[in-house]
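**Student:** My structure is below; once you've seen it, I'll send some questions.
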Amino acid sequence: MRKQKSIFENIDWLIVGIYLALVLIGWVNIYAAVYNEDHKSILDISQNYGRQMVWIATSLVLAIFILVIDGKFFEAFAYPIYGFVLLILVAVLLFGKEVAGSKSWFEIGAFRLQPAEFAKFATNMALAKYLSTVNINMKDFRTKLVAGTFIIIPIAMILLQNDTGSALVFCSFIFVLYREGLSQNVLIIGFFAVLLFVLALMVSKIIIVSVLAGIAVLAIALLRKTRKNIITISVILAMAAGVVFSVDYFFHNVLEPHQKQRINFLLGKDTDLKGAGYNVNQSLIAIGSGGLTGKGFLNGTQTKFDFVPEQSTDFIFCTVGEEWGFLGSLVILGLFTALLYRILFIAERQKSDFTRIYAYGVASILFIHLMVNIGMTIGLLPVIGIPLPFLSYGGSSLWSFTILLFILVKLDSYRTFILR
Amino acid sequence: MQNSGQRFVILGIFTVVIFIYLVRLFYIQVIDDSYKLSANNNVLRYITEYPARGLVYDRTGKLLVYNEAVYDLMVIPKQVKDFDTTSFCDIIGITKEDFEKKLKKAKTYSRVKSSIFEKQLSAETYAVLQEKLFKFHGFYVQPRTLRKYPNKVAGHTLGYIGEVDDKLVAKNPYYQSGDYIGVSGLEQSYEEELRGQRGVRIVMVDVFNREKGSFSNGDYDSAAVSGQNLVTTLDLELQMLGERLLENKIGSVVAIEPSTGEILAIVTKPGYDPNLLVGRVRSKNYSQLLKDELKPLFNRAMMAYYPPGSTFKLVNALIAQQESIINPGTVFPHSFVVGSKSVKCHPHPGGLSLEGAVQYSCNPYFCNTFRAFVDNRKFVTSEKGYKLWRDYVLSFGVGRKIGVDLPHELAGNVPKVDFYDRYYGKGRWKASTIFSLGIGQGELGVTPLQMANIMCIIANKGYYYTPHIVKKIGDKKNTTRNLAEKHVTMVNASHFEAIQDGMQKVVEAGTARVARFGDFVICGKTGTAQNPHGKDHSLFVAFAPRENPKIAIAVMVENSGFGATWAAPVASLMMEKYLTDSISRPELYERMIKGNLLPTRKDSLFKKTDRPKVPEFESEEDVIVDIKTDQP
């Protein structure tokens, strides 16, 4: 193996460029969202926008540090890093600080760290490392079990912290497993399970099960009446019915009251715009009132005057929508689309399995954040508090996304001289 | 490179989701406009800038109505923090229970929007409160103005303002809930001139309703335009004198400048201090006034119907002269007999011509005149005769609204032919049935304003200008009503000479000698409006001086008996005051203001029915007064 001439050799500048663009757009929009007349400087450390500058600067240091380290480090230390992060997740459960109902923060002076953010890239590395092991086959039950365990452990610990949103992000690894050979049925079953869940909340359960039974009978009638077919269809029907009838239990016993309200509001069962629907309604008003070209920089009344909650963190997209309009939304979604496409492209050009799998993980994590966060602000998904990558205010999330992305950039820069 | 087909599935899922989001964004941002409206509703507050209402002056430039600043205490419940409620309640003078109740009410309305906590604090209360206001988070003060009447007179004429009701808001787009509008007097009739033009200031507020500066640099703001000031025709000194003279009496005075129709004074008693109907005490005081047995809210000067009594003999004689039924030399026998009844008269020299008949107020003379007119063959039937007589009367501004620029004027009553047809049967009545009209009794109902206007007509010898109360609007002459139009009666000027002669004699040598003062030639006529329920109403009408008259006046004092006892002195003192700016007969003045003619409140003689009739609708057949003969 030959040595790199410089740390910037073979760097994918397109990804770095999109990253910088998103981070800067985020900073400017945080400034607009929480703009304070008394602290007009964007560099004012007492305000979120001043602090975000610190996070951006430290993120860039982190990025360069990652590029300086030998690329083999990440594959070699994937498991130790994963283990270390799990330890921190345990620690935060014991010593963490509770913020807004979630015990998921470490407080160090004025700054707070959210370990769950770092669990994302750590899990991604560990999963990539495991799946890139020679002779691994996704079809093996053992492989599925181990890979699943890698994902389930952090989910469980984050759920214990009462941070449902972050836990949900780990579901995105289903794309990675699928890419690596998991049956597409998993995706389809997952999709239909969610569909049935939503339907069961809206329509009478008897009707759904009757319709499903009808479809099953029809399928059996049309298909060859082999024993295998009949058993398969019956099992599917039983599972579907199980999902439908467990919805109530899940909905009432597992979900928190605020989560139930958010789902009810999304399904139109709860129309209280001052209660459960307040956030989404104000968010929709902010984005919807932006029009084609927006109200202009610092002219967003919905965000600047605090009608939209959490306007610099989870609802940062509102500021984009309000002040820059549809064109602004288009630019943000365009940049993310370009980023996702580029990552998938990079993934497929790798000779290293580890890098490819890791890249899919990166794309999946970014995608689920994008989908959940923007879907929530435009009223298509229930309110789930996870940040919009690179744009939302917050040190933990910006650091973790930077690390996540720049490890990929570093790994990718070795693409030409790793042969396996 | 295994499983490379899956990459397209993943790529496809990413693409589809992002595409759905873009479509959704395009819809809510570009196609659906409702969110823009909601955003504006969230952030924009339209703050009304109230204009100062116009001031009102008397004819000499003295202030009658002005604005006084008061302070509405506002509250934004969400911003209220714990504080010393006891001292707070002490300052604004409410109990702790009131406080809780008011705060709860404000919370029910909105937690973040401001609502009125306590209306119209006085400047004194505000001064105390202001010092401590910083301790009471969530409370602030919004200035408003209240009407103030420094002289406490002419309450009915000036009127009052009140909050608009929902019906009006729905009907008239200018008004918004919470606005004030004139609801009586000239506050009502000159509302559009007085109110000015509201301004609006658009401000932006944040989620806690805190002001965040003006919207679009105030480009859409508009300044309030103050209302126009009014100069009235009233003479404050005369008005005050009139109110003092009628203190402790029931009655009214109307004084008009004959050459212009300008109302110099318009008094109705019992009245009220207009300051009682202002601000937070208004509704309490209003209901108290409404309950008062003496009906202080009732504007007798324009709404009470009285039989005009002897004063109407003048009109009767004028009409008869015009139709050549009589002339100044006509003499009637000193009797008027209908069936078994005969109209009585008091002792006076016999063989009177018109002038003497006026001087001595001879009842038979004017009953005969009336009969000679109505039953005259040249009109073929009594109905036709009466109809013509009635048309004449109406041309004197009686039996119809004369169009004064104040609300609630009533028409009075001069019965139509139909009325008698219904009452007696068609063709079954003639002059002898209704002769009491000839001496101002019977079904006639005339308001004091109309009586004063008749005096203007006689003073002017045949015409009048619509009596009115507002002379100038701002700096310009009042052109909102048709005030310059000369209303000419159906009687020629030449017929007035003999009447004026008689009226002059009334004062110089007749029933109203008490009315003389100085060297002025005064024309007057006493009257006694018969009151079947109690003592007669005392009435006096006059104008002075005879040449180039400056003031015409009608005075009505209820239940005071003979016209010369109370009404004539009041009229005389007022005319003297107006013409000479002095009172030369202090003992008469003393006697007048000390006189107390009010009934003791529980007096059984004084039931509701004894009050002047308040017609509930405006048809002319409302008022029927018992037909009786005149006893001056």
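**Student:** For region B:21-44, which residues satisfy the criterion of being more than 7 Å from chain A (Cβ to nearest Cβ) and either in contact (Cβ under 8 Å) with a residue 60 or more places away in the chain or not in a helix (DSSP H, G or I) (or both)?
**Tutor:** First pass over region B:21-44, keeping only residues more than 7 Å from chain A (Cβ to nearest Cβ): B:23, B:27, B:31, B:33-34, B:37, B:40-41, B:44.
Once the filter is applied, which keeps residues that are more than 7 Å from chain A (Cβ to nearest Cβ) and either in contact (Cβ under 8 Å) with a residue 60 or more places away in the chain or not in a helix (DSSP H, G or I) (or both), region B:21-44 yields B:Asp33, B:Leu44.
**Student:** What are the residues in region A:145-177 that are surrounded by fewer than 20 Cβ atoms within 10 Å (Cβ to Cβ), within 14 Å of chain B (Cβ to nearest Cβ) and closer than 24 Å to A:Ile88 by Cα, if any?
**Tutor:** Once the filter is applied, which keeps residues that are surrounded by fewer than 20 Cβ atoms within 10 Å (Cβ to Cβ), within 14 Å of chain B (Cβ to nearest Cβ) and closer than 24 Å to A:Ile88 by Cα, region A:145-177 yields only A:Cys171.
**Student:** Let me ask you something else. Has region B:197-205 got at least one residue that is touching a Lys or Arg at 6+ places or on another chain (Cβ under 9 Å), part of a helix (DSSP H, G or I) and either farther than 18 Å from B:Leu277 by Cα or more than 14 Å from chain A (Cβ to nearest Cβ) (or both)?
**Tutor:** Taking every residue of region B:197-205 in turn, none turns out to be touching a Lys or Arg at 6+ places or on another chain (Cβ under 9 Å), part of a helix (DSSP H, G or I) and either farther than 18 Å from B:Leu277 by Cα or more than 14 Å from chain A (Cβ to nearest Cβ) (or both).
**Student:** Now for a different question. So how many residues does region B:29-44 have that are surrounded by 18 or more Cβ atoms within 10 Å (Cβ to Cβ) and not aliphatic (A, V, I, L, M)? I'd like the intermediate steps shown before the answer.
**Tutor:** Filtering region B:29-44 down to residues surrounded by 18 or more Cβ atoms within 10 Å (Cβ to Cβ) leaves B:29, B:35, B:38-39, B:42-43.
This time we only want the ones that are not aliphatic (A, V, I, L, M), so: B:29, B:35, B:38, B:42.
Result for region B:29-44: 4.
**Student:** Out of the residues in region A:286-336 that are part of a helix (DSSP H, G or I) and among the aromatic types (Phe, Trp, Tyr), state the one that is nearest to the other protein chains (Cβ to nearest Cβ). Lay out the reasoning, then the answer.
**Tutor:** Restricting attention to region A:286-336, the residues satisfying the condition of being part of a helix (DSSP H, G or I) are A:286-288, A:301-304, A:316-336.
Next, from what is left, pick out any that are among the aromatic types (Phe, Trp, Tyr): A:317, A:324, A:326, A:336.
Details: A:Phe317: 10, A:Trp324: 10, A:Phe326: 4, A:Phe336: 7 Å.
Top of the filtered list is A:Phe326.
**Student:** Can B:Arg59 be described as closer than 30 Å to B:Glu192 by Cα and either within 14 Å of chain A (Cβ to nearest Cβ) or in contact (Cβ under 8 Å) with a residue 24 or more places away in the chain (or both)? Give the derivation first.
**Tutor:** Values: closer than 30 Å to B:Glu192 by Cα: yes; either within 14 Å of chain A (Cβ to nearest Cβ) or in contact (Cβ under 8 Å) with a residue 24 or more places away in the chain (or both): yes.
Criteria met by B:Arg59.
**Student:** Now a separate question. Quick one: how many residues across region A:41-59 are without any contact (Cβ under 8 Å) to a residue 12 or more places away in the chain and surrounded by fewer than 16 Cβ atoms within 10 Å (Cβ to Cβ)?
**Tutor:** Quick first cut of region A:41-59, residues without any contact (Cβ under 8 Å) to a residue 12 or more places away in the chain only: A:41, A:43-46, A:50, A:57.
Okay, now just the ones that are also surrounded by fewer than 16 Cβ atoms within 10 Å (Cβ to Cβ), so A:41, A:43, A:45-46, A:57.
Selection size over region A:41-59: 5.
**Student:** Which condition breaks for B:Ser572 when tested against (1) at pLDDT 75 or above; (2) of a type outside the set (A, V, I, L, M, F, W, C); (3) more than 16 Å from B:Thr311 (Cβ to Cβ); (4) not in a loop (DSSP other than H, G, I, E, B)?
**Tutor:** Among (1) at pLDDT 75 or above; (2) of a type outside the set (A, V, I, L, M, F, W, C); (3) more than 16 Å from B:Thr311 (Cβ to Cβ); (4) not in a loop (DSSP other than H, G, I, E, B), the lone unmet condition for B:Ser572 is (3).
**Student:** Determine whether region A:247-261 contains at least one residue that is among the polar types (S, T, N, Q), away from chain B (no Cβ under 12 Å), surrounded by fewer than 24 Cβ atoms within 10 Å (Cβ to Cβ) and without any contact (Cβ under 8 Å) to a residue 40 or more places away in the chain.
**Tutor:** To start, the set of residues in region A:247-261 that are among the polar types (S, T, N, Q) comprises A:253, A:259, A:261.
From the residues that got through so far, the ones that are away from chain B (no Cβ under 12 Å) too are A:253, A:259, A:261.
Narrowing the set further to residues that are surrounded by fewer than 24 Cβ atoms within 10 Å (Cβ to Cβ) leaves A:253, A:259, A:261.
From the residues that got through so far, the ones that are without any contact (Cβ under 8 Å) to a residue 40 or more places away in the chain too are A:253, A:261.
Yes, region A:247-261 contains a residue that is among the polar types (S, T, N, Q), away from chain B (no Cβ under 12 Å), surrounded by fewer than 24 Cβ atoms within 10 Å (Cβ to Cβ) and without any contact (Cβ under 8 Å) to a residue 40 or more places away in the chain.
**Student:** Filter the helices (runs of 4 or more DSSP H) completely within region A:1-96 down to those with at least 3 residues that are out of contact with any Ser or Thr (no Cβ under 8 Å at 6 or more places or on another chain), closer than 30 Å to A:Gln302 by Cα and not aromatic (Phe, Trp, Tyr). I'd like the intermediate steps shown before the answer.
**Tutor:** On the way: elements: A:13-33, A:48-68, A:72-76, A:78-95.
Filter on region A:1-96 gives A:13-33, A:48-68.
**Student:** Can you list the strands (runs of 3 or more DSSP E) found entirely within region B:77-177 that contain at least 3 residues being under 30 Å from B:Arg59 (Cα atoms) and under 23 Å from the mean Cα position of the chain (by Cα)? Walk me through it before giving the result.
**Tutor:** Working: elements: B:115-121, B:139-148, B:161-163.
Strands (runs of 3 or more DSSP E) meeting the threshold: B:139-148, B:161-163.
**Student:** Could you tell me which of the residues B:Ile47, B:Ile18 is within 7 Å of chain A (Cβ to nearest Cβ) and either surrounded by 17 or more Cβ atoms within 10 Å (Cβ to Cβ) or within 45 Å of the chain's Cα centre (by Cα) (or both)?
**Tutor:** Answer to the check: B:Ile18.
**Student:** Still on this model: Determine whether region A:272-279 contains at least one residue that is assigned to a helix (DSSP H, G or I), within 11 Å of chain B (Cβ to nearest Cβ) and crowded, with 22+ Cβ neighbours inside 10 Å.
**Tutor:** Of region A:272-279, the ones assigned to a helix (DSSP H, G or I) are A:278-279.
Filter once more, so that each one left must be within 11 Å of chain B (Cβ to nearest Cβ): A:278.
From what's left, crowded, with 22+ Cβ neighbours inside 10 Å: none.
Scanning region A:272-279, I find no residue that is assigned to a helix (DSSP H, G or I), within 11 Å of chain B (Cβ to nearest Cβ) and crowded, with 22+ Cβ neighbours inside 10 Å, so the answer is no.
**Student:** Across region B:201-218, what is the total count of residues that are more than 29 Å from B:Gly474 (Cβ to Cβ) and touching a strand residue (DSSP E or B) at 6+ places or on another chain (Cβ under 9 Å)?
**Tutor:** 12
**Student:** Okay, moving on. With the requirement that a residue be within 10 Å of chain B (Cβ to nearest Cβ) and either part of a helix (DSSP H, G or I) or among the small types (Gly, Ala, Ser) (or both), what does region A:344-367 give you?
**Tutor:** Within region A:344-367, A:Leu344, A:Phe345, A:Ala347, A:Glu348, A:Asp353, A:Arg356, A:Tyr360, A:Ala363, A:Ser364, A:Leu366, A:Phe367 meet the criteria.
**Student:** I'd like the full set of residues that are more than 10 Å from chain B (Cβ to nearest Cβ) and either buried (at least 23 other Cβ atoms within 10 Å of the Cβ) or β-branched (Val, Ile, Thr) (or both), limited to region A:178-191. Spell out how you get there, then give the answer.
**Tutor:** Start the filter on region A:178-191 by keeping residues that are more than 10 Å from chain B (Cβ to nearest Cβ), which leaves A:183, A:185-186, A:188-190.
Residues satisfying the conditions are A:Val186, A:Ile188, A:Ile189.
**Student:** A follow-up question, please. Listed residues B:Val555, B:Val623; which is under 26 Å from the mean Cα position of the chain (by Cα), closer than 24 Å to B:Gly397 by Cα, crowded, with 19+ Cβ neighbours inside 10 Å and modelled with pLDDT of 90 or more? Give the steps one after another, and end with the answer.
**Tutor:** Working: B:Val623 fails: modelled with pLDDT of 90 or more.
After applying the criteria, what remains is B:Val555.
**Student:** Another one. For B:Thr330, indicate whether it is within 19 Å of B:Phe312 (Cβ to Cβ) and part of a helix (DSSP H, G or I). Spell out how you get there, then give the answer.
**Tutor:** On the way: within 19 Å of B:Phe312 (Cβ to Cβ): yes; part of a helix (DSSP H, G or I): no.
The answer is no for B:Thr330.
**Student:** Have a look at A:Phe345, A:Phe315 and point out the one that is at negative phi and either touching a Ser or Thr at 6+ places or on another chain (Cβ under 6 Å) or acidic (Asp, Glu) (or both).
**Tutor:** Numbers: A:Phe345 fails: either touching a Ser or Thr at 6+ places or on another chain (Cβ under 6 Å) or acidic (Asp, Glu) (or both).
From the options A:Phe345, A:Phe315, the qualifying one is A:Phe315.
**Student:** What residue, among those in region A:370-394 that are small (Gly, Ala, Ser) and within 11 Å of another protein chain (Cβ to nearest Cβ), is farthest from A:Ile316 (Cα to Cα)?
**Tutor:** A:Gly379
**Student:** On to the next question. Which of the residues spanning region B:283-324 are at positive phi and touching a residue at least 60 places away in the same chain (Cβ under 8 Å)? Show your work before the answer.
**Tutor:** Here is the first cut: in region B:283-324, the residues at positive phi are B:295, B:309, B:324.
Hits for region B:283-324 are B:Lys295, B:Gly309.
**Student:** Considering only residues of region B:178-213 that are of a type in the set (D, E, K, R) and under 16 Å from the mean Cα position of the chain (by Cα), which is surrounded by the most Cβ atoms within 10 Å (Cβ to Cβ)?
**Tutor:** So in region B:178-213, the residues of a type in the set (D, E, K, R) come out as B:179, B:187, B:191-193, B:195, B:198, B:201, B:206, B:210-212.
Retained after the next criterion (residues that are under 16 Å from the mean Cα position of the chain (by Cα)): B:187, B:191.
Values: B:Glu187: 27, B:Glu191: 19.
Per the stated criteria, the residue is B:Glu187.
**Student:** Pick out the one residue from B:Pro549, B:Pro532 that is touching a strand residue (DSSP E or B) at 6+ places or on another chain (Cβ under 7 Å) and part of a loop (DSSP other than H, G, I, E, B).
**Tutor:** On the way: B:Pro532 fails: touching a strand residue (DSSP E or B) at 6+ places or on another chain (Cβ under 7 Å).
The unique qualifying residue is B:Pro549.
**Student:** In the list B:Lys505, B:Lys461, B:Lys477, which residue meets the criterion of being without any contact (Cβ under 8 Å) to a residue 40 or more places away in the chain and in contact with a helix residue (DSSP H, G or I) (Cβ under 9 Å, 6 or more places away or on another chain)? It would help to see each step written out before you state the result.
**Tutor:** Details: B:Lys505 fails: without any contact (Cβ under 8 Å) to a residue 40 or more places away in the chain; B:Lys477 fails: in contact with a helix residue (DSSP H, G or I) (Cβ under 9 Å, 6 or more places away or on another chain).
Exactly one of B:Lys505, B:Lys461, B:Lys477 is without any contact (Cβ under 8 Å) to a residue 40 or more places away in the chain and in contact with a helix residue (DSSP H, G or I) (Cβ under 9 Å, 6 or more places away or on another chain), namely B:Lys461.
The values are calculated or read from the model by the stated rules, or taken from the named source; none is laboratory data. All values reported here derive from a predicted model rather than from experimental measurement. Reconstructed Cβ throughout: ideal geometry from the backbone, glycine too, with neighbour counts over all protein chains shown.
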